[in-house]
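A short write-up of the structure that comes next.
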Amino acid sequence: MDVLVAVASRHGSTREIAEVIAHALASDGLTVTLAEPDDVESLEPYDAVVLGSSVYVGRWAASARSMVDRLAGELAARPVWLFSSGPLGDPPAPAGDPDEVPSLLTRLGARGHRTFGGALDKSRLALAERAVVALLQAPEGDFRNWPEIIDWAGGIAQELHAEHHRHLHVAG
Ligand SMILES: Cc1cc2nc3c(=O)[nH]c(=O)nc-3n(C[C@H](O)[C@H](O)[C@H](O)COP(=O)(O)O)c2cc1C
């Protein structure tokens, strides 16, 4: 089964989450392609999609949102899982999912959505971003929980394999 993992990441930390998800899916026997949303023209080659974005000021990246707009029909016709990354600190803040998540879940009939902790390295930020971070008093550090991420990916692989076997059984 072919799975697309598409990820929008501004400073690379969400991209690393997608890489770990892709690696976990591949080690569970799935064929995985990792791509940026802007580079995805069609979902024709894929049986399932994992789409993720970092969250800035409460919103998903424009590239991830526009992939949803562009490919909504194709996404709705496949198993889709969504993830977001952003909350910083312990306990993670802000709490809760980005605003657009409920409507994305409904629109795409997505199987689920998970928000993972993010990472912040102030030295990599643009000036305007530093101002926002100072205003929000966002803590610096890496709050990504790798076991949680690998576990989530494992659940996706399990679900896809189970469905695949059911289909084979019905077809046979
Ligand atoms: C200017 C700025 C605004 C942010 N706003 C949010 C936010 O609204 N919600 C959130 O969960 N995280 C927010 N974050 C944290 C980022 O989402 C987090 O650092 C994430 O890991 C960045 O992912 P990336 O490296 O893939 O770009 C913000 C970070 C910056 C620098």
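Scanning the range 96-122 for residues that are more than 13 Å from the ligand (Cβ to nearest atom), touching a residue at least 12 places away in the same chain (Cβ under 8 Å) and more than 20 Å from GLU148 (Cβ to Cβ) returns LEU104, ARG107, LEU108, GLY109. Annotation: SER63 fulfils all but one of (1) within 13 Å of the ligand (Cβ to nearest atom); (2) touching a helix residue (DSSP H, G or I) at 6+ places or on another chain (Cβ under 6 Å); (3) in a strand (DSSP E or B); the unmet one is (3).
Output the residues belonging to the range 130-172 that are among the small types (Gly, Ala, Ser) and exposed (fewer than 12 other Cβ atoms within 10 Å of the Cβ).
Those that are among the small types (Gly, Ala, Ser) and exposed (fewer than 12 other Cβ atoms within 10 Å of the Cβ): ALA131, ALA134, ALA162, ALA171, GLY172.
Scanning the range 66-110 for residues that are of a type in the set (Ser, Thr, Tyr), under 20 Å from ASP39 (Cα atoms) and either touching a Leu at 6+ places or on another chain (Cβ under 7 Å) or not in a helix (DSSP H, G or I) (or both) turns up just one, SER84. Taking SER54 as the residue in question, decide whether it is in contact (Cβ under 8 Å) with a residue 24 or more places away in the chain, under 14 Å from ARG144 (Cα atoms) and either part of a loop (DSSP other than H, G, I, E, B) or within 13 Å of the ligand (Cβ to nearest atom) (or both). Taking the combined requirement at face value, the residue satisfies it.
Is there a residue being touching a residue at least 40 places away in the same chain (Cβ under 8 Å), of a type outside the set (Ser, Thr, Tyr) and more than 11 Å from the ligand (Cβ to nearest atom) anywhere in the range 72-79? Looking through the range 72-79, at least one residue is touching a residue at least 40 places away in the same chain (Cβ under 8 Å), of a type outside the set (Ser, Thr, Tyr) and more than 11 Å from the ligand (Cβ to nearest atom). Looking at the range 1-21, which of its residues are part of a helix (DSSP H, G or I), more than 11 Å from the ligand (Cβ to nearest atom) and surrounded by fewer than 21 Cβ atoms within 10 Å (Cβ to Cβ)? Answer for the range 1-21, where residues must be part of a helix (DSSP H, G or I), more than 11 Å from the ligand (Cβ to nearest atom) and surrounded by fewer than 21 Cβ atoms within 10 Å (Cβ to Cβ): GLU19, VAL20.
Among residues of the range 123-134 that are modelled with pLDDT of 95 or more, none has a Cβ under 6 angstrom from a residue that is in a helix (DSSP H, G or I) and more than 7 Å from the ligand (Cβ to nearest atom) at a sequence gap of 6+ or on a separate chain.
Does ALA48 satisfy the condition of being surrounded by fewer than 16 Cβ atoms within 10 Å (Cβ to Cβ) and within 25 Å of ALA157 (Cα to Cα)? Considered against the rule, which asks whether it is surrounded by fewer than 16 Cβ atoms within 10 Å (Cβ to Cβ) and within 25 Å of ALA157 (Cα to Cα), ALA48 comes out as no.
The set of residues in the range 123-137 that are near the ligand (Cβ under 8 Å from one of its atoms) and either on the phi > 0 side of the Ramachandran plot or in a loop (DSSP other than H, G, I, E, B) (or both) contains only LEU125. One residue stands out in the range 23-37 among those that are part of a helix (DSSP H, G or I) and away from the ligand (no atom under 15 Å from the Cβ): the one that is farthest from the chain's Cα centre (by Cα), namely SER27.
The values are calculated or read from the model by the stated rules, or taken from the named source; none is laboratory data. All values reported here derive from a predicted model rather than from experimental measurement. As a convention, Cβ positions derive from the backbone with ideal geometry for all residues, glycine included, and neighbour counts pool all protein chains shown.
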